[in-house]
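Notes for the one structure printed next.
The values are calculated or read from the model by the stated rules, or taken from the named source; none is laboratory data. Note that the structure is predicted; figures quoted are calculated from it, not measured. So basically every Cβ, Gly included, is an ideal-geometry build from the backbone, and we count neighbours across all protein chains shown.
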Amino acid sequence: MFTKFLALTAGVILSVAGIASANGDEPTKFTIRIENITKPDAFTASNGVKWSLAFSPGTAVVHSENAPIFTSGKKDRGKGLEAQAEDGDPSMLAKSLQGAKGIKSVTVFNTPVGASAPGPITPGAAYETTITAMPGDRLSMTLMMGQSNDWFYAPDERGIELFKNGQAVSGDMTAQIVMWDAGTEVDQEPGIGSDQGPRQKAPNTGKAENGVVHKIQDGKLYSQASSVMRVTITPAMPAM
Ligand SMILES: [Ca+2]
Ligand SMILES: [Ca+2]
């Protein structure tokens, strides 16, 4: 009886240890892919000018804190989100997040797949980056809506859950991405505004908005991330 009990206990412990390790006791590596699924000249401005939508370089942030980058309904924190949203430059944001409370890692993605130099992803192009995370970690990411004054795509401020019940998530996460207005620059019509990324004379040019970070829900195609991009998360298979 005693021997049988011991054997049973050992068996249970072994199997629990096995599950824990397969579920991410070890850090899990994820590949994040962001594709621009729009077509060239897909949009037409009110003056008849056709324009293409591109997305800027951005950041991928692994964190355990909620809202590491912004809070919906609050003013921009002045830590670099403005340059990300207005000029497509994630470097200041990445620098300020590095080592901040609850931040596990900060990655900048700036070079399209197959390109040799940093630049935006134009229609059909993609960024790919890898991150490492443990159960409980979440992913926030930012990239600029390239034809805007201060609009950016990002998940809800809490970020994307990278694990569910200890299991790494996998697949298309675009439904969790939202288009936000950083509240830092007054909006002009997308695609033709003189102070927007592709046309402004210098970075940080445009009328200050003094507003708050808020979602844009105007029913436009580019405001719905799933209409213009695809974000896929693929965990590496655990080593057997
Ligand atoms: Ca704005
Ligand atoms: Ca501007």
### Message
Pull out all pairs, ordered by first then second residue, where Cβ-Cβ is under 7 Å, the residues are six or more apart or on different chains, the first lies in the range 189-202 and is on the phi > 0 side of the Ramachandran plot, and the second is more than 9 Å from ligand 2 (Cβ to nearest atom).
### Response
G191/F43; G191/A45; G191/V49; G191/W51; G191/Q147
### Query
Do we find a residue being in contact (Cβ under 8 Å) with a residue 24 or more places away in the chain, β-branched (V, I, T), within 14 Å of ligand 2 (Cβ to nearest atom) and surrounded by fewer than 20 Cβ atoms within 10 Å (Cβ to Cβ) anywhere in the range 210-220?
no
### Task
For the range 150-170, state whether one or more residues are part of a loop (DSSP other than H, G, I, E, B), within 16 Å of ligand 2 (Cβ to nearest atom) and surrounded by 18 or more Cβ atoms within 10 Å (Cβ to Cβ).
yes
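Take the range 71-121 and flag every residue that is β-branched (V, I, T) and either modelled with pLDDT under 95 or in a strand (DSSP E or B) (or both). Step through it out loud before you land on a result.
Pass one, the range 71-121, residues β-branched (V, I, T): 71, 103, 106-108, 111, 113, 121.
Once the filter is applied, which keeps residues that are β-branched (V, I, T) and either modelled with pLDDT under 95 or in a strand (DSSP E or B) (or both), the range 71-121 yields I103, V106, T107, V108, I121.
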### Query
Looking only at residues in the range 146-186 that are without any contact (Cβ under 8 Å) to a residue 60 or more places away in the chain and β-branched (V, I, T), which one is nearest to ligand 1 (Cβ to nearest atom)?
V186
